[in-house]
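Here the structure is laid out as structure tokens; the discussion comes afterwards.
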Amino acid sequence: MKTIAISGKGGTGKTTLTALVIRWLSENRLGPILAVDADSNVNLNDILGIKIRDTVGAIREEMRKNVNNLPAGMTKQQFLEYKIQTSLVETRSFDLIAMGRPEGPGCYCYANNLLRDILRTLGENYDYVVIDNEAGMEHLSRRTTQTIDYLISVSDATPRGVHTAARISKLLEELDTRVRTRFLIVNRAPETLTETVRSIIGQEELHLLGVIPEDIVLLKMDRDGTPVYNISANSPTYQAVNKFMNKLEL
């Protein structure tokens, strides 16, 4: 199993990129894919063009409230496994699970530990796990996911955006999260990156995997609420995704 995690501050297009990475893996038929929406602002399903039934956060909250009133003969772990399986959205190309918001006030460590173990077991059924993370990398920092093969940080073509991507990478180093390879993608870029941006990429020791150009068609699809997953394979954005995905050892 290989895990690809995509991160970046809001507005950089990381969720769109996540959807197109999932599409590329599906079209190249590299194996079964589990998509994980780990952003508390759940919207990967909209970009993929599918509906979700429930989120893991809601399931965890339900268990927190009803821990002493579970169905007869069902243990806590069995209850969580059942609820997570029913929340899993299955399609012909990929499956999707949405993490959702964390539980309410107080700690519920037992459920979190069970959840981590169940998700790890679930992931073993897939060749690829693709995770759309929120900017704070909440689920990675809590080690909901144990090992990341590729962490792709998404930035816009600005100095501030690149600095933010660098901070996320350094945060994971401090948290001792196991990430094998880190990359940077610059999204919605002009024809050439400015010397300032290129200089910062070098200073921050970021490995630039690819540059995705501004794409008017994609922006229109996003404004119209059309699932970006269905963008033409000839679009500049998808061509750029195809180019950098071919560089990875998948």
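Worth a mention:
- Long-range neighbours under 8 Å by Cβ, at least six apart or interchain, first residue free of Cβ contacts under 8 Å to residues at least 12 places away in the same chain within segment 205-228, second part of a helix (DSSP H, G or I) and crowded, with 17+ Cβ neighbours inside 10 Å: Met221/Val228
- Leu171, sole failed condition from (1) loosely packed, with under 13 Cβ neighbours inside 10 Å; (2) at pLDDT below 90: (1)
- Reported count of residues in segment 76-97, each being among the β-branched types (Val, Ile, Thr), part of a helix (DSSP H, G or I) and surrounded by 13 or more Cβ atoms within 10 Å (Cβ to Cβ), is 1.
- Lone unmet requirement of (1) at pLDDT below 80; (2) assigned to a loop (DSSP other than H, G, I, E, B); (3) surrounded by fewer than 22 Cβ atoms within 10 Å (Cβ to Cβ) for Gly100: (3)
- Scope segment 1-26; condition of a type in the set (Lys, Arg) and either modelled with pLDDT of 95 or more or not in a helix (DSSP H, G or I) (or both); matching residues: Lys2, Lys9, Arg23
- Val67 vs. criteria in contact with a Phe, Trp or Tyr (Cβ under 9 Å, 6 or more places away or on another chain) and farther than 20 Å from Thr226 by Cα: yes
- Whichever residue in segment 27-75 is touching a Pro at 6+ places or on another chain (Cβ under 9 Å) and assigned to a loop (DSSP other than H, G, I, E, B) and, among such residues, is surrounded by the fewest Cβ atoms within 10 Å (Cβ to Cβ): Gly49
- Test: residue in segment 195-203 that is in contact with a Pro (Cβ under 8 Å, 6 or more places away or on another chain), assigned to a helix (DSSP H, G or I) and over 17 Å from Ser153 (Cα atoms): yes
- Among the residues examined, Val217 does not qualify as within 23 Å of Leu20 (Cα to Cα), crowded, with 19+ Cβ neighbours inside 10 Å and of a type in the set (Val, Ile, Thr).
The values are calculated or read from the model by the stated rules, or taken from the named source; none is laboratory data. Here the structure is a predicted model, which is why all the values come from computation and not from measurement. Reconstructed Cβ throughout: ideal geometry from the backbone, glycine too, with neighbour counts over all protein chains shown.
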